[in-house]
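Trainee: This is the structure, below, for whatever I ask next.
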Amino acid sequence: MTPSLCRRCVALGARILIEKSAGMSAGFTDAEYRAAGARIESSAARIWAASDLIVKVKEPLASEYALLKKGQALFTYLHLAAGPELAQALLKRRILGIAYETVEATDGSFPLLKPMSHIAGRLAIQTGAYFLQSQLGGSGVLLGGIPGTLPGHVVVVGAGNSGAHSVQMAAGMGARVTVLDLDNRKLEMLDTEYRGRVVTLVANPGNLESAIADADLVVGAVLIPAAKAPTVVTRKMISRMRKGSVIVDIAIDQGGCVEGIRPTSHKSPVYISQGVLHYAVPNMPALVGRTSTLGLTQATEPFVVQIVSKGIDRALKESRGLAKGVNTQDGRIVCEAVAKALQ
Ligand SMILES: NC(=O)c1ccc[n+]([C@@H]2O[C@H](COP(=O)([O-])OP(=O)(O)OC[C@H]3O[C@@H](n4cnc5c(N)ncnc54)[C@H](O)[C@@H]3O)[C@@H](O)[C@H]2O)c1
């Protein structure tokens with residue numbers, strides 16, 4: 001939460017507890033939260049114990065499971081399709097788990113997934129460009145090239161929210177860009193927008209194989225809502241890539257769309273497999289805490305305000321989109337896609 005959202009909630013009658021230094025990497029001080037009417041609490045455990053609603057960014061860590069209070073509401077990213085242990089912890093404590101990623105807008109889109117996807121999509125290109133540098137084990141390709149040289153080739157698989165922003169950044173840097181998707185309407189939109197500056201391809205195995213074999217940087221940006229990501233980039237495809245090329249699998253938070261990929265961390269962001277650098281950090285937006293906080297909060301604010309002003313039961317009854325976010329309730333998984341993924 002930003003101090004400004006705290007102020008709005010306090011004005012609506014809520015008591016807000018903020019964990020000490022919670023806003024630090026977003027550039028918000030404890031003093032700003034205090035001035036907004038929140039109380040700063042140094043113990044996270046005490047916040048969990050004292051609150052009816054917990055608003056977070058990422059899903060609870062294993063070390064936090066014991067802090068979940070029976071019947072409490074939790075509003076955060078949950079990604080339960082890729083987290084069976086967390087799902088069990090939420091069910092055991094009968095948590096009302098409202099997942100940012102399945103909250104829906106009236107047009108069926110996912111408004112709370114969008115800002116983080118935009119950020120991850122944009123970051124994928126600057127991160128990929130960085131790891132292509134020679135001193136980091138990369139192939140030494142400058143994505144934009146220089147006059148007289150071939151620019152780097154960026155292949156983006158998935159033309160949704162994250163993929164489209166990867167395309168925008170890569171094209172802006174002067175790279176050659178190929179984008180693949182199963183949804184022709186998405187490809188048509190990008191084709192119209194970039195007027196031939198970007199190559200669009202249907203994501204069938206033949207197109208994927210030939211595009212990836214020639215890629216310096218592959219961005220995995222596919223999503224099947226609330227389900228495990230499909231494997232679209234196979235080991236065989238990777239074996240044909242040039243050594244030192246880079247794969248950034250944004251979809252790693254849903255299990256990844258690259259065969260055999262495993263999550264990496266900000267501390268140790270890449271590993272090399274088949275001579276190709278694999279980057280698979282599930283929380284890329286943490287790299288840009290300020291932009292992420294402002295971007296996420298502007299999207300969550302209307303929902304938080306509804307919950308605070310109406311109470312959670314009425315808010316869920318009156319907002320179909322918010323109700324779509326409910327993944328766990330009364331010890332049951334109530335989101336069909338999540339239940340299917342966890343079978
Ligand atoms: N790693 C991170 O830090 C981070 C941050 C934000 C989002 N994400 C994740 O990024 C992923 C993508 O999110 P998004 O918002 O861009 O989703 P989106 O729904 O906007 O786009 C996904 C696209 O994938 C396409 N697609 C689905 N299956 C495909 C297949 N087999 N081949 C080709 N295309 C296929 C869809 O048609 C769609 O256009 C999600 O898993 C999301 O959770 C990760």
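Trainee: If you go through the stretch 277-325 one residue at a time, how many are over 30 Å from Lys243 (Cβ atoms), among the small types (Gly, Ala, Ser) and within 15 Å of the ligand (Cβ to nearest atom)?
Mentor: Counting residues in the stretch 277-325 that are over 30 Å from Lys243 (Cβ atoms), among the small types (Gly, Ala, Ser) and within 15 Å of the ligand (Cβ to nearest atom) gives 5.
Trainee: Okay, next question. Based on what the data block shows, is Arg122 at pLDDT 95 or above, of a type in the set (Lys, Arg) and in a loop (DSSP other than H, G, I, E, B)?
Mentor: No: the conditions fail for Arg122.
Trainee: Further question on the same structure: Has the stretch 185-207 got at least one residue that is among the acidic types (Asp, Glu) and within 22 Å of Gln254 (Cβ to Cβ)?
Mentor: no
Trainee: Just for the stretch 5-37: of the residues that are assigned to a loop (DSSP other than H, G, I, E, B) and basic (Lys, Arg), which one is farthest from Val288 (Cα to Cα)?
Mentor: Among residues in the stretch 5-37 that are assigned to a loop (DSSP other than H, G, I, E, B) and basic (Lys, Arg), the one farthest from Val288 (Cα to Cα) is Arg15.
Trainee: Being without any contact (Cβ under 8 Å) to a residue 40 or more places away in the chain and under 25 Å from the mean Cα position of the chain (by Cα) is the filter here; which residues of the stretch 30-65 pass it?
Mentor: Listed by number, the residues that qualify are Ala44, Trp48, Ile54, Lys56, Glu59, Pro60, Leu61, Ala62, Ser63, Glu64, Tyr65.
Trainee: Could you tell me how many of the residues in the stretch 60-78 are surrounded by 15 or more Cβ atoms within 10 Å (Cβ to Cβ) and within 16 Å of Asp253 (Cα to Cα)?
Mentor: Count: 4.
Trainee: Show me the strands (runs of 3 or more DSSP E) found entirely inside the stretch 247-343 where at least 1 residues are assigned by TED's automatic domain parsing to the domain that holds Pro230 and touching an Asp or Glu at 6+ places or on another chain (Cβ under 8 Å).
Mentor: It comes to 276-279.
Trainee: Go through the stretch 188-201 residue by residue and tally those that are assigned to a loop (DSSP other than H, G, I, E, B) and in contact with a helix residue (DSSP H, G or I) (Cβ under 8 Å, 6 or more places away or on another chain).
Mentor: 2
Trainee: Restricting attention to the stretch 198-232, which residues are open to solvent by less than 10 Å² (accessible area, probe 1.4 Å) and of a type in the set (Val, Ile, Thr)?
Mentor: Val198, Ile212, Val218, Val219
Trainee: A further question on this structure: Scan the stretch 202-229 for residues that are modelled with pLDDT of 95 or more, within 12 Å of the ligand (Cβ to nearest atom) and assigned to a loop (DSSP other than H, G, I, E, B) and report the count.
Mentor: Residues that pass the stated criteria total 4.
Trainee: Could I ask something else about it? Just wondering, is there one or more residues in the stretch 272-287 that are farther than 24 Å from Val155 by Cβ and in contact (Cβ under 8 Å) with a residue 40 or more places away in the chain?
Mentor: Yes, there is a match, as at least one residue in the stretch 272-287 is farther than 24 Å from Val155 by Cβ and in contact (Cβ under 8 Å) with a residue 40 or more places away in the chain.
Trainee: Right, next: Name the residues in the stretch 233-265 that are open to solvent by 70 Å² or more (accessible area, probe 1.4 Å) and within 12 Å of the ligand (Cβ to nearest atom), would you?
Mentor: Pro263
Trainee: Can you tell me which of Gln88, Gln135 is outside the structural domain of Pro302 (by TED's automatic domain parsing), open to solvent by 10 Å² or more (accessible area, probe 1.4 Å) and more than 16 Å from the ligand (Cβ to nearest atom)?
Mentor: Gln135
Trainee: Right, here's the next one. Which of the residues belonging to the stretch 70-91 are in contact with a Phe, Trp or Tyr (Cβ under 6 Å, 6 or more places away or on another chain) and in a loop (DSSP other than H, G, I, E, B)?
Mentor: Listed by number, the list holds a single entry, Tyr77.
Trainee: Tell me the residue from Leu142, Leu182 that is within 16 Å of the ligand (Cβ to nearest atom) and over 25 Å from Ala286 (Cβ atoms), please.
Mentor: When all the criteria are applied, what remains is Leu182.
Trainee: Only one of Gly140, Gly163, Gly172 is surrounded by 20 or more Cβ atoms within 10 Å (Cβ to Cβ) and either in a helix (DSSP H, G or I) or in contact (Cβ under 8 Å) with a residue 60 or more places away in the chain (or both); which?
Mentor: Gly163
Trainee: Oh, and also: Output the residues belonging to the stretch 324-336 that are crowded, with 17+ Cβ neighbours inside 10 Å and aliphatic (A, V, I, L, M).
Mentor: Val326, Ile333
Trainee: Something else: Output the residue which, of all residues in the stretch 175-190 that are open to solvent by less than 40 Å² (accessible area, probe 1.4 Å) and not acidic (Asp, Glu), is nearest to Val141 (Cα to Cα).
Mentor: Ala175
Trainee: Let me ask you something else. Here's a check for you: in the stretch 113-127, which residue that is farther than 14 Å from Gly174 by Cβ and more than 10 Å from the ligand (Cβ to nearest atom) is least open to solvent (accessible area, probe 1.4 Å)?
Mentor: The extreme case among them is Thr127.
Trainee: In the list Val57, Val103, Val154, which residue meets the criterion of being at pLDDT 95 or above, surrounded by 16 or more Cβ atoms within 10 Å (Cβ to Cβ), within 27 Å of Cys9 (Cα to Cα) and within 16 Å of the ligand (Cβ to nearest atom)?
Mentor: Residue meeting the stated conditions: Val103.
The values are calculated or read from the model by the stated rules, or taken from the named source; none is laboratory data. This one's a predicted model, so the numbers in the text were calculated from it and none came from an experiment. So basically every Cβ, Gly included, is an ideal-geometry build from the backbone, and we count neighbours across all protein chains shown. Remember, those area values only see protein heavy atoms, side chains included, never the ligands or the DNA or RNA. Shrake-Rupley method; radii C 1.70, N 1.55, O 1.52, S 1.80 Å.
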